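The values are calculated or read from the model by the stated rules, or taken from the named source; none is laboratory data. All values derive from a computational prediction rather than experimental measurement. Cβ: placed from backbone, ideal geometry, glycine included. Neighbour counts: every protein chain shown. Each accessible area value is taken on the protein alone, full model and side chains, heavy atoms only, with ligands, DNA and RNA left out. Shrake-Rupley method; radii C 1.70, N 1.55, O 1.52, S 1.80 Å.
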Amino acid sequence: MNMSVDIAGVTLKNPITVASGTFGSGMEYSEFVDLSQLGAVTTKGVANIPWPGNPTPRIAETYGGMMNAIGLQNPGIDVFKKRDIPFLRDYDTKIIVNVCGKSKEDYVDCVEKLGDCDVDLLEINVSCPNVKEGGIAFGQQPDALYDITKAVKAAAKQPIIMKLSPNVTDITEMARAAEAGGADAVSLINTLTGMKIDVNRRTFAVANKTAGVSGPAIHPIAVRMVYQVANAIKLPIIGMGGVATTEDALEMIMVGASAVAVGTANFHNPYATVEIIKGIEEYMKKNSISDIHELIGCVK
């Protein structure tokens, strides 16, 4: 039974990875999950310099999910290269590094510093605020997405995955801009922007006022967007958004995702990834499917 998939020329032993920001760099989860069982580990976002993140409170529960406004807190590329990459290389899994920045120069600097590193793919988080354009996210304007994709692709030594924001009018327009800019793959969806009020304190539940909504509540939206993108471009897709069960992952695969990332589910069930991998295996056996590619995009 073949469960291996190809993302931009990189072979994952199975289609399951994790969503950036929900798994650290794997260190915290390694006592629960054998990381070698995963198709890939996608790291928390890393920038060219350390980022302190947003003020607290930064997390709030919502019905069917959660909200976060961590602000991409990270120790910066130098610590990441020294600490996290060597740790992950002890495991038989692919490494996808999520890259963030506040300007085109930030992104380019970071991917250049990763050029000599033993990592497999770079996932570019274009939901970061573009400080030179008044804080509008790179991934919310087709021209800006095209420009950042083209600049990163020119600087990167590894294949690049553009992580698309759902906070747009037409997700296919953004996917086409990424494809035109030279992306090797896309991943979607990032979190949806939401707001929650603490009615007892009569103020915002999260200090940032708005936050990214994730979890099971957004899953149907994510499936719809993955389906739309799969029918609009020819690039490999990593689907994500509210994936908590085998059925959730299979939905993503059937509408066209070659791989699937598990995110918020990791917080309440650290075994979610390996349970889903086993569940897909059992589904394939039960339905006499010998190759995962029989399922990828089977729903048109």
Checklist entry - Relative to the Cα centre, what is the charge dipole magnitude of the chain, using +1 at the beta carbon of each Lys and Arg, -1 at the beta carbon of each Asp and Glu, and rounding to the nearest 20 debye? => result 660
Item to check | Per-selection Kirkwood Rh - the range 36-190 (Cα, Å, 1 d.p.) | outcome: 15.9
Item to check | Ranked by how many other beta carbons lie within 10 Å on average, peptides 256-269, 6-19, 61-74 from highest | outcome: 256-269, 6-19, 61-74
Checklist entry - What ³J(HN,Hα) values, in whole Hz, does the Karplus curve 6.51 cos²θ - 1.76 cosθ + 1.60 give for the range 90-99 when θ = phi - 60°, with x put for Gly and Pro? => result 6, 10, 8, 8, 7, 10, 10, 9, 7, 10
Checklist entry - Using the heavy atoms of the protein chains alone and a 1.4 angstrom probe, what is the accessible area of the chain per residue in square angstrom? => result 43
Item to check | Length released on extending from V79 to T172, taking residue separation times 0.36 nm less the Cα-Cα span | outcome: 29.9 nm
Next on the checklist: Over all directions, how big on average is the projection of the convex hull of the alpha-carbon atoms in the range 176-221, in square nanometres?
Outcome noted: 4.9
Next on the checklist: Using Cα-Cα distances under 8 Å and only pairs 6 or more residues apart, what relative contact order does the range 50-152 have, in percent?
Outcome noted: 20
Checklist entry - By a straight-distance test (C-alpha under 19 Å), which lysines pair with K153 as possible cross-link partners, with residues fewer than eight away in the same chain excluded? => result K102, K104, K113, K163, K234
Checklist entry - Extent of the range 101-207 along each principal axis, from alpha carbon coordinates, in Å, largest to smallest? => result 51, 29, 26
Item to check | For the range 215-286 and the range 148-201, distance of Cα centres in Å | outcome: 17
Item to check | Three-way shape call for the range 165-276 based on the alpha-carbon gyration tensor, with the a/c threshold at 1.5 | outcome: oblate
Checklist outcome for this item: Sorted by chain and number, the residues with a modelled amide H under 5 Å from that of T42, at a separation of 5 or more or across chains, are V18, I96
Checklist outcome for this item: If R0 = 45 Å, then I59 and S290, at their Cβ-Cβ distance, give a FRET efficiency to the nearest 0.05 of 0.60
Checklist entry - Using a 1.4 Å probe on the protein chains only, how many percent of the accessible area of the chain belongs to carbon and sulfur? => result 50
Item to check | Structure-derived Kirkwood radius over Cα pairs in Å - corresponding label in (1) 19.0; (2) 20.1; (3) 23.3 | outcome: (1)
Checklist entry - For the range 230-300, how big is the tail of P(r) above 14 Å, as a whole percent of Cα pairs? => result 58
